[in-house]
Each structure stands twice: as structure tokens, then as C-alpha cells.
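Here the structure comes first, spelled out in C-alpha cells, and everything after it is commentary.
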Amino acid sequence: MVCLGNICRSPMAEGILKSKLDDTIFFVDSAGTGSWHVGNKPDERSIAVTKAHQIDISNQRARQFSYQDFKNFDHIFVMDQSNKKNVLRLAKTQEDQNKVHLILEELSTKSTMNVPDPYYDTEQGFKIVYEMLNKACDCIANRI
């Protein structure tokens, strides 16, 4: 799961998908394309909205996406077109590129393909993002 700073959308997506998969079979992680928040915990609003759904992401720490992630993961889900462009810049092969998808491509109803960044939004914005990610993660969990 990849977003810009790895403190809002991708930590929520990581926590949501982890809650839907067997952790003895699947490894889910998140990262940001930028380095501003490396080592920081998720935004308090992301922690609060996931906690309201019995998902604890408070122990996560932000990290920056790197080329090694192409080697470590079978699927790389990005939150928006900007994240996708930044991740694809690091891809060295077609196989790397084929791993990268917008997370909302998982939904059959594609009214928007970008998960909005709620960082400058209200708590309601975080709730809306949670619902979008939850639906997409349901599709991912059912598919894999």
C-alpha cells in the first residue's frame, strides 16, 4: 500500500487489508513515496477511524518506498495517479511495472480512481477514505 507520506491513506489500507487476510500466509505493508514522515506513526485521525472499526494501526511507522519493494511484494497498490507515477519511476522491468495498480481499480464501480488525500481534510474526510479503502480491500481479499 503506497501513498505520499505513509501517514494517512496507506497505513489505513495496510491495517484494513491485514484485518481481512491470514497473517501466516500474507504479508501486508505500506510505504510513502516521500520521506517527510519516515519513522512517524500514522496521523491521529487515521488511527482513530481504524480504531472505530477495531483495527489498530498505532504501532505502524512510516517508511519510504524503495526499489527493494518490487522484489519483496507481489502486488503494489497505490492511492492515486501521482503515487503511481512516482512508484513506476523506480521500476526497472515490465514485471515491476505490472505489479503496480491503483487500489480503486479493484472496485467494479470506478467513479474515481484516486483515493483523495485526507491530510488537510476533516475527520469526515478520513471516514470517507476508510470506506473507499475498505471496499477495495474486500475485493483484494476475495481475489487473493
Which parts of segment 72-109 would a label at Lys135 reach, counting a residue when its backbone N lies under 13 Å from a point 7 Å out along Cα-to-Cβ? 104-109
Distant-in-sequence amide H partners of Gln64 (H built 1.01 Å from N, under 5 Å): Gly32
Exactly which trypsin sites (Lys or Arg not before Pro) in segment 1-97 are in a DSSP loop and have at most 12 other Cβ atoms within 10 Å? Lys92
Across the chain, how many lysine pairs, 8 or more apart or on two chains, come within less than 16 Å at their alpha-carbon atoms? 13
Segment 16-90, relative contact order in percent, only Cα pairs under 8 angstrom and at least six apart counted: 32
Length gained if Asp74 through Lys92 is fully extended, taking 0.36 nm per residue and subtracting the Cα-Cα distance, is 5.0 nm
Once phi is turned into θ = phi - 60°, what whole-Hz ³J(HN,Hα) does the Karplus curve with 6.51, -1.76 and 1.60 give for every residue of segment 49-54, x standing for Gly and Pro? 5, 6, 4, 4, 10, 6
Heavy-atom surface of the chain, accessible at 1.4 Å and reported per residue (Å²): 54
Note: Ile128 to Phe27 extended length (0.36 nm per residue) minus current alpha-carbon separation gives 33.8 nm
Counting only protein heavy atoms and using a 1.4 Å probe, what share of the accessible area of segment 66-144 belongs to carbon plus sulfur, as a whole percent? 46
Please report the projected area of the chain's Cα convex hull averaged over all directions, in nm². 8.1
For the chain, what's the relative contact order in percent, using C-alpha pairs closer than 8 Å and at least 6 residues apart? 28
Using a Förster radius of 22 Å, what is the FRET efficiency between Lys99 and Lys41 based on their Cβ-Cβ separation? Nearest 0.05, please. 0.25
Run the helix sum for the chain: -39,500 (n - 2.57) per DSSP H stretch of 4+ residues, divided by residue count, reported at 222 nm to the nearest 500 deg cm²/dmol. -12500 deg cm²/dmol
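The values are calculated or read from the model by the stated rules, or taken from the named source; none is laboratory data. Remember, it's a predicted structure, so these values are computed and weren't measured experimentally. Ideal geometry is used to build each Cβ from the backbone, glycine not excepted, and the neighbour counts take in all protein chains shown. Protein only, heavy atoms only, side chains kept; ligands, DNA and RNA dropped before computing areas. Shrake-Rupley method; radii C 1.70, N 1.55, O 1.52, S 1.80 Å.
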